[in-house]
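Bear in mind these aren't lab numbers, they're just calculated from the coordinates by the rules spelled out. Nothing here was measured: the structure is a model prediction, and the numbers come from that model. No Cβ is skipped: glycine too gets one built from the backbone with ideal geometry, and neighbour counts run over all protein chains shown.
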Amino acid sequence: MPSPTDFLRPEAVAKLRGIDLRARLVVEGFLAGLHRSPYKGFSVEFTEHRQYIPGDELKRVDWKVYGRTDRFYIREYEEETNLRAWLVLDASGSMAYTGSGMSKLEYANCLAASLAYLLLHQKDSAGLVTFSDRIDRYLPPRSTPAHLHAVLRELARVKPGGDTDVGGTLDALAERIKRRGLVIVISDLWDDEARVLRALRHFRHRRHEVIVFHVTDPVECDLAFRGPVVLRDLETGRELTVDPRVIGADYRKSWQRRCAALERGCAEALVDYCRVSTATPFDRALFRYLERRRRLA
Amino acid sequence: MNFAAPALLPLALLAAVPLLIHIFSRTRLRRHDFPSLRLLDAVRRERFSYVRLKEILLLILRTLALLALLLVPPRPALLARGAGLPPGDFVVVLDDSYSMGWGTRWARARDAARRLLESAGPGRRAGLVTTSGSVLDTALVDRPAALIRRLDSLEVSSTAARLDSALALARRVGGGKVTVFAITDLQARALPPGRADTLAPVRLVDVGADRAANVAVADVGPENRLPVPGRAVRIRAAFANHSDRPITGFAVVEVGGRVEETALELPPRAVTAHIFSLALDAPGAHPVRVDFRSDSLSSDDTRWAVVTIPERLRLLVVETPAAPAALVAAALGPDSASLFSLTVAPAGALGRLDLRRFDCVLVTDAGALAPADIDRLELALQTGTGLLLMLGPDTKPGFALAPWFAVTGLARPAGFNTLAGLDTLAPALEIFRPADFASVRFFAHAVTRPIDARPIATLSDGAPLMLEGALGRLIVWTFTAAPENTDLVYRAAFVPLLHRCLSAVAGADLRRDRLVGDTLRVFSDDPSALAVQGPTRRGVARALSGSGRARLEYADTDEPGIYTLGGRAVAVNLDPAEADLERIAPADLAARGHVVQKEVGERALDLIPVLLYIAAAAFAAEMLLLAL
């Protein structure tokens, strides 16, 4: 079983340290803006110690505790935040696909972990929802630093399986989430595009800001197999014999059309759509996206 | 469908290879997980039927092309048995003379015979005859299996038989109401002369339609026609080139373990003589073999001979006052080179001589002998002594040597007679040609009536000049060797004629050219030595009954080579005339009324071109389909 820290890589954390995830849209009662902790120069209430994790700023290390215990602990402060974010992670069977290197779920976990760290680091609250054909786990958003561990633990426990019902599940989640916030959907979106877009518009209707990370694998994009093969659906178990030499071109066209339809639909609904590939290191993909978002902001 | 090479038919099973590859490649397809088949289902629904159809079509085309190509080696053909044949009973006359050994003629002939025999059945009986006489099944059968088995065991013979006797036999079968098919190479000499018998036409099946450039060893013998003791003799061979182009090859002679090889260029349509330098000088019989290998008809590329350098023969010359022996004695040669150990005696001394001490007796004027001397000579003949009798001009009509001949008169024409006929098959005359006697004149001769003797030379007045009887031990000249009776005594042919006649009656093995099928007859000093050693097998001779020197007879000479019987070596060869493979011209065939049978028992449609077209079309269609 993966450990919680498997998804929060030091190199990713180091990259993300200077980055923040800003909500572009106006959240009710608050302006979008920096949610950086004002702890420097401000007096805020100490809340707790938490164990040091690589990447934390050394100036936050409580050296007195180290002197007593020979262990590193970070002083945590309670902060107010304007942003509540939900990391909505697709854990259906199709996310178990490993075309090359990392599985989509592992990739998604890394993305979610990094985003959770980013949000909590900037004192926003982050929650985690995992789903397949229904909501499997719901971790309400919290802003405490210790909440990161809870998120990471949940990520480590996620096992892919079951069918996909992105549209239906997101619809149900949209009904469940009362307070306005940021919804980050990390999924391979293997569902009917119309249903997916309708669910995303449902979030928008409830005035949430939505970011969609469409996780893909190069093999599923290109059908890059040599010669005829038997393909087994990871969700239904059904097998199909295909000859990529014969239908590859048509498949790729259909794939492009589908992605274009999703992108277009998301753009029309003011949903931020980012397609990421497991062939690209997740930190690079995330960094690129956040830079683009920062420039646009 | 029939297959000319059915042994190659299992190759067609390889046509299943594309199907097996198709099946096994499917079962060995790699399996992969895939996130979702949703999109693939949509795409495949559009493309499935076309792709599947294309796959199936490609498989069919590849299998078809491969099957078509693999069916070519067995050489299939669609056959219609009995096509083109007249109804009713038939007899197949198969020419198995040795010329049929050229190229693939024999195989084609057997194939044609088989197809004809296979068309037999109820209401259509068949018979089989060969020209060599190896098969003489005169019974017609409607189940030809036994005939076909017999046919399959046949090989080309060593004979040079013509079709005449076989055709006659075939016509006699079935009371003349049969169709006769003659399978032959249409060699010009094979067909009977004259027009075809319109009442019993023969259908000729031609299996000789291929160019033949045949060379044969036509003759082998000593370089001079009369080898004598003490004089070395070289071997002479004649090579016949029956083709239209010069042929170069190596002539090889082998005798007594010695071999000589020489290169020869033979001009077209000519007989070329060559004398080898290898010489023989020891008395006795020397088996000789000459080879000239140059073509596919190998049976006539070898010829054998037994060159005999004779020992001296004991000769008694009985002279009369009217016919002294001086001329004859001079011709026979008193020196050591002479073949004969000569004794001359007057006729009256015959009663005091033991004629059994002599190999042969020459009587210069038999007509002048007393009856008792005639009796003595008859007795000597019976005990094995050879006789050469000359009949002088004073021979009385009625003179006879029973049962061989009788004298009926005397001929003394105003001018002279000349030689009209010469039987060169007679051993004594084998080395002569009519030209040797072209200008010889005969002024007087006895007129004889042959009884058991046969003429071996005839005069221009029709009377016999020379007679041969008693199985070659008696030769009669109807003239005496005197200048007043003939100027032969002054001609070059006289001495060799005298030598040959005396050697023949003395039983010397003079005849060089025995042919396959001839009966060998030799004198033997040991009548119990009946074993015969042939070229490849042994046999047993038959001893002819009678008193005197034993004579052995052996008739099983069906293969060429050296036969040894009674202590003598005899060469048996192929008839050199059969080596000329010249075919009768089609126009001549038609002019003589012969019918050539074009279809033999089966009408065959060769399927090879059809299969090749199918394979080409299948390949073209496959390439077109792949390009789509």
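What FRET efficiency comes out for the pair residue B:164/residue B:537, r = Cβ-Cβ distance, R0 = 45 Å, nearest 0.05?
My answer for the efficiency is 0.90.
Highest first, please rank the peptides B:269-277, B:185-193 by the mean number of other Cβ atoms sitting within 10 Å of their residues.
Result, highest mean first: B:185-193, B:269-277.
How would you classify the protein assembly as shown from its alpha-carbon gyration tensor, with a ≥ b ≥ c the square roots of the eigenvalues: rounded for a/c under 1.5, else prolate if a/b is greater than b/c, otherwise oblate? Each step should come with its number before you reach the end.
Working: a/c = 6.21, a/b = 4.14, b/c = 1.50.
Here the protein assembly as shown falls in the prolate category.
Tabulate in residue order the Karplus-calculated ³J(HN,Hα) for region B:182-191, using 6.51 cos²θ - 1.76 cosθ + 1.60 with θ = phi - 60°, rounded to whole Hz; enter x for Gly and Pro.
So the J values, rounded to whole Hz, are 10, 8, 8, 8, 6, 5, 4, 7, 7, 7.
Please report B:518, B:580 as a ranked list, fewest other C-beta atoms within 10 angstrom at the top and most at the bottom.
Details: B:518 15, B:580 18.
Going from least to most buried by this count: B:518, B:580.
Please average, across the residues of A:243-250, the number of beta carbons from any other chain that are within 10 Å of each residue's own beta carbon, and give a whole number.
Average neighbour count from other chains, rounded to a whole number: 4.
Listed highest first by mean packing, meaning other Cβ atoms within 10 Å per residue, what order do B:529-539, B:246-256, A:128-138 come in? The partial results should precede the final answer.
Numbers: B:529-539: 13.5, B:246-256: 16.2, A:128-138: 19.9.
So the peptides B:529-539, B:246-256, A:128-138, ranked by packing, come out A:128-138, B:246-256, B:529-539.
Under 1.5 on a/c is rounded, so check that first for chain B, then, if it is not, pick prolate when a/b is larger than b/c and oblate when it is not; a ≥ b ≥ c are the square roots of the alpha carbon gyration tensor eigenvalues.
Note, shape of chain B comes out prolate.
Under a Cβ-Cβ cut-off of 13 Å, what is the net charge of the residues other than residue B:417 that fall near it, where Lys and Arg count +1 and Asp and Glu count -1?
0
Sorting A:92, B:503, B:153 on the 10 Å Cβ count, fewest up front, what's the list?
In order of increasing Cβ crowding within 10 Å: B:153, B:503, A:92.
Show me the ranking of peptides B:354-361, A:68-75 by mean Cβ neighbours inside 10 Å, starting with the highest.
Values: B:354-361: 18.1, A:68-75: 13.9.
So the order, starting with the most tightly packed, is B:354-361, A:68-75.
I want the local charge near residue A:215. Using Cβ-Cβ distances under 13 Å, sum +1 for each Lys or Arg and -1 for each Asp or Glu among the other residues.
Neighbourhood net charge equals -3.
When the gyration tensor of region B:96-165 is built from Cα positions, what are the square roots of 5 times its three eigenvalues, in whole Å, from largest to smallest?
Semi-axes, largest first: 22, 14, 9 Å.
By Kyte-Doolittle mean hydropathy of at least -1.0 and Cα axial length of at least 20 Å, which whole DSSP H helices of chain B are selected?
B:38-70, B:608-627
What 222 nm value per residue comes from the helices of the protein assembly as shown, counting each DSSP H run with n ≥ 4 as -39,500 (n - 2.57) and dividing by all residues, nearest 500 deg cm²/dmol? Numbers along the way, then the final one.
On the way: 19 runs with 244 residues, N = 925.
So the helix-based figure for the protein assembly as shown works out to -8500 deg cm²/dmol.
Would you mind ranking A:104, A:64 by Cβ crowding within 10 Å, fewest neighbours first?
Starting with the residue having the fewest Cβ neighbours, the order is A:64, A:104.
Which of the three applies to region A:256-297, rounded, prolate or oblate, going by the alpha-carbon gyration tensor with a ≥ b ≥ c and a/c under 1.5 meaning rounded?
Taking the square roots of the gyration eigenvalues as a ≥ b ≥ c, region A:256-297 is oblate.
For peptide A:92-101, what's the mean number of Cβ atoms from other chains within 10 Å of each residue's Cβ? Don't skip to the end; give the middle numbers.
Details: counts 2, 3, 5, 1, 2, 5, 1, 4, 0, 0.
Mean shielding by partner chains, rounded to a whole number: 2.
Can you give the net charge of the other residues whose Cβ lies under 13 Å from the Cβ of residue B:251, counting K and R as +1 and D and E as -1?
Once positives and negatives cancel, what remains is -3.
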